[in-house]
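Everything on this sheet refers to the single structure shown next.
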Amino acid sequence: MRTADISRKTKETDISVFVKLDGEGKVTADTGIGFFDHMLISFGVHSGIDMQINVTGDLNVDGHHTIEDTGIVLGQAIAKALGDKSGIARYGSAYIPMDEALGFCSLDISGRPFLVFNAEFNDEKIGEMDSCLVEEFFRAFAFNSGITLHISQIYGKNDHHICESLFKAAAHAFKAAICENKSGEVLSTKGVL
């Protein structure tokens, strides 16, 4: 079973993450930042991954450490649950509409982390979450999961809709990438990822 349980404690955050890749999209997220919890829950529900995420962070400073460190630990848990990446489709792409907004994600579970992030938000905050931290989350997630991740806002006006379309696009792309391939082997000419 593809599961992982990771904990990480620093002077800024105390985080525990459990993931079950072959789940039912059952998610609990408690980061102290309501909109961020909403995005994490959306990611789990739409990817079909069971996740339990508990975070205590220095929100008296701001949300940066909480959001970035959650990306780090979630990425590490995903990488551990994937193991040697054998038997997966590896690639996934998805367009997701959210009212007037359209988000796109294409990813490769390659072991070569990279992030291309093309989205612009109109306001400094979405709820109590700094909008600039959306990119920081995806960067931390990509680099700690070993995923090449391309995320783009195709268009949109409402920041909530733009952000949610990006998280859901990432979820659906990830869901496609972790599906079993027919051979059960690593999908690479090298034979390893």
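Here are some notes:
- Under 5 Å, built H, 5+ apart or other chain: amide partners of Phe114: Ile147, Thr148, Leu149
- Selected from Ser183, Ser93, Ser131 as most flexible by GNM, with the chain as the system and alpha-carbon contacts under 10 Å: Ser183
- Spin-label pair Val45-Lys157: with each label point 7 Å from Cα along the Cα-Cβ axis, the two points sit 2.5 nm from one another.
- Bridgeable aspartates and glutamates around Lys157 (alpha carbons under 19 Å apart, same-chain partners fewer than 8 residues away excluded): Asp99, Glu100, Glu120, Asp123, Glu124, Glu128, Asp130, Glu135.
- Charge tally for Thr28 (other residues, Cβ to Cβ under 12 Å; Lys, Arg +1; Asp, Glu -1): -2.
- Cα-Cα P(r), the chain, percent of pairs per 10 Å interval: 10, 39, 37, 12, 2, 0
- Calculated diffusion of the range 1-52, Stokes-Einstein form, Kirkwood radius summed over Cα pairs, 25 °C and 0.890 mPa s, µm²/s: 215 µm²/s
- Straight-distance crosslink candidates among lysines, where the alpha carbon sits under 26 Å from Lys80 and sequence neighbours closer than 8 are dropped: Lys9, Lys11, Lys20, Lys26, Lys168, Lys175, Lys182, Lys190
- Tilt relative to the chain, helix 64-82 - C-alpha long axis, 0 to 90 degrees, to 10: 10 degrees
- Cα Rg, Dmax (largest Cα-Cα span) when computed across the range 106-193, Å: 15.0, 47
- Neighbour net charge for Glu12 - beta-carbon separation under 12 angstrom, K R +1, D E -1: -2
- GNM remark for the chain: springs join alpha carbons under 10 Å apart, and the peak mean-square fluctuation among Phe167, Phe43, Phe117 falls on Phe117.
- Distance from the C-alpha centroid of the range 65-95 to that of the range 142-178: 13 Å, rounded to the whole angstrom.
- Size of charge dipole - the chain - debye, nearest 20, with Cβ of Lys, Arg +1 and Asp, Glu -1, no other charges: 1000 debye
- Other residues lying with their Cβ under 14 Å from the Cβ of Asp108 contribute a combined charge of +4, Lys and Arg counting +1, Asp and Glu -1.
Where a number appears in this text, it was derived from the coordinates with a stated rule and is not lab data. Predicted, not measured: the structure shown is a model, and the values here were computed from it. Quick reminder, even Gly has a Cβ in these numbers, built from the backbone with ideal geometry, and neighbours come from all protein chains shown.
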